[in-house]
Amino acid sequence: MTLNASINETHRLQTPQLDVPPRLLMGPGPSNAHPRVLQALGMRQVGHLDPCFIDLMNEVQALLKYVWQTENATTIPVSATGSAAMEATLANTVESGDAVLVGVNGYFGHRLMDMASRYGADVRRIDKPWGQVFSLDELRSGLETHRPKILALVHAETSTGACQPLEGVGDLCCEYDCLLLADTVTSLGGVPLFLDQWGVDMAYSGSQKCLSCPPGISPLTLGARAIEKLNQRSTKVPNWYLDMSMVGKYWGKERTYHHTAPINMIYGLREALRLIAEEGLAERWARHQANAELFWEGLAQLGLDCHVERQYRLPSLTTVSIPEGVDSKAVTQKLLANHNIEIGNGLGELAGKAWRIGLMGFNSRPENVYMLLDAFKQTLSK
Ligand SMILES: Cc1ncc(COP(=O)(O)O)c(C=O)c1O
């Protein structure tokens, strides 16, 4: 056997040293990782069953419980992106024919429906226009009509910038004997979340938004009622990788091998969570709110409107309505090319109608707000 000379030429000799531009990531995610997180990612490795790594896993679990305000024993990071943690909630608790009711008021409600259907759920939906949220009465009426086993809601809809209130929804779900599932990808670490007080039975998140860690590791939490549903399954969890009855044994007392944990990503997540604990959860939420308000004020001064009613606006993600006659994609391209700032275009129903701007975690700072407003002003005046 000999090496293929033409492959050698192309790939061995012509790949330059890695270099990327210094982007400020102010879109819907990923956001820039905190420098301390990037440093932690480069720490030397230990084995994924090393006693010192096991201590570190315990710390990550304790910190995740803190940021989510939950005592759920099954609170772990899934070794993949947020969609895998989303899939883990459904794969473990849905059995064929179970009615799953999804609140659809944006792009990620659709993803939840698609995933639930792939696990054999009898998927039902209630709808609100993109940018609006469900009231408790609307949720009650959905539960009354559909009598689901699971109600799935997106707490922070990254496609619209709306924050779905969850207070009282857990009690409603208990009344209708159903589990409450919440997508907290764009809220964890940036927007108030009280999982236990709100009676949320399962939730998932991502590392790349308000946690300020790169994408690739995703918090997941299952409460006692969700674990009971998992334990009472009459069929195996139809997804080997995300089967929490097996993964839970690595993160639980047994510490048995399931898959090789992404050690350095767990270092990074630990540092990201440590930064939140250092700052204080309430202080961090207040910082996100204050910087978002500063941004909204600046937008108003530029004559730009927000898509979501102020009361329901996420501090971590703002959708800005695109003024008449403005080429929205040309603006995002110019911000990137001339200012190294990434913002997001509208998604789904809001494509061409709104920009999506994130002020998440490490990036939620006044200097970033001013920099973006200034870049916007320059770009729009052209
Ligand atoms: C609300 C919401 N849910 C789920 C996801 C999926 O996460 P990921 O892209 O990390 O798989 C995202 C990603 O942006 C999101 O914003």
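Every number here is computed from the coordinates shown, using simple stated rules; none is lab data. As the structure is a prediction and not an experimental result, all values here were calculated from the model. Cβ sites come from the backbone with ideal geometry, for glycine too, and all protein chains shown count toward neighbours.
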* **Neighbour-count ranking [beta-carbon atoms within 10 angstrom, fewest first] of R287, R356, R233** => R233, R287, R356
* Considering Cα pairs under 8 angstrom that are at least six residues apart, work out the relative contact order of the chain and quote it in whole percent. => 24 percent
* To do: Using the structure shown, list the pairs from K209/K377; K65/K353; K128/K209; K149/K249; K209/K229 with a Cα-Cα distance above 28 Å, or answer none.
  => K65/K353; K209/K229
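Please order R111, R313 by the number of other Cβ within 10 Å, starting at the fewest.
R111, R313
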* To do: Rounding to the nearest 20 debye, state how big the charge dipole of the stretch 238-327 is about its Cα centre with +1 on each Lys and Arg Cβ and -1 on each Asp and Glu Cβ.
  => 660 debye
* Structure fact -> Expected sort for 171-178, 256-263, 98-105 on mean C-beta neighbours within 10 Å, highest first, is 98-105, 171-178, 256-263
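Would you tally the net charge around I150, using a Cβ to Cβ cut-off of less than 9 Å, leaving I150 out, and scoring K and R as +1, D and E as -1? Display every interim value, and only then the final one.
Details: positive: K149, K229; negative: D98, D201.
Summing Lys/Arg as +1 and Asp/Glu as -1 gives 0.
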* **Helix-only CD estimate at 222 nm, as mean residue ellipticity for the chain, using -39500 (n - 2.57) per DSSP H run (n ≥ 4)** => -12500 deg cm²/dmol
* Asked: Based on DSSP, what percent of beta bridges with both residues in the chain are antiparallel, to the nearest 5?
  -> 50 percent
* Asked: L179's amide H: which non-local residues (gap 5+, or another chain) put their own amide H closer than 5 Å, with H modeled 1.01 Å from N in plane and none for Pro or chain starts?
  -> I150, L151
* Round to the nearest 0.05 the FRET efficiency obtained for S135 and T260 when R0 = 51 Å and r is the Cβ-Cβ distance. => 0.65
* To do: For T74, enumerate residues with amide H under 5 Å from its amide H, sequence gap 5+ or separate chain, H modeled in the peptide plane.
  => L222
* Asked: Given the C-alpha centroids of the stretch 18-37 and the stretch 225-292, what is the distance between them in whole angstrom?
  -> 23 Å
* Out of P21, P315, G352, whose Cα points farthest toward the positive end of the dipole of the chain (charges: +1 Lys, Arg; -1 Asp, Glu; placed on Cβ)? -> P21
* **Anisotropy class of the chain from Cα gyration tensor, a/c 1.5 cut** => oblate
* Structure fact -> Given backbone amide H placed at 1.01 Å from N, residues whose amide H is under 5 Å from that of C306, ignoring those fewer than 5 places away on the same chain, are S321
* To do: Please list the helices of the chain that count as membrane-span-like by this rule: a mean Kyte-Doolittle hydropathy of at least 0.5 together with Cα atoms stretching 20 Å or more along the helix axis, each helix being a complete DSSP H run.
  => 51-68
* Asked: Counting Lys +1, Arg +1, Asp -1, Glu -1, what net charge surrounds P30 among other residues with beta carbon under 15 Å of its beta carbon?
  -> +2
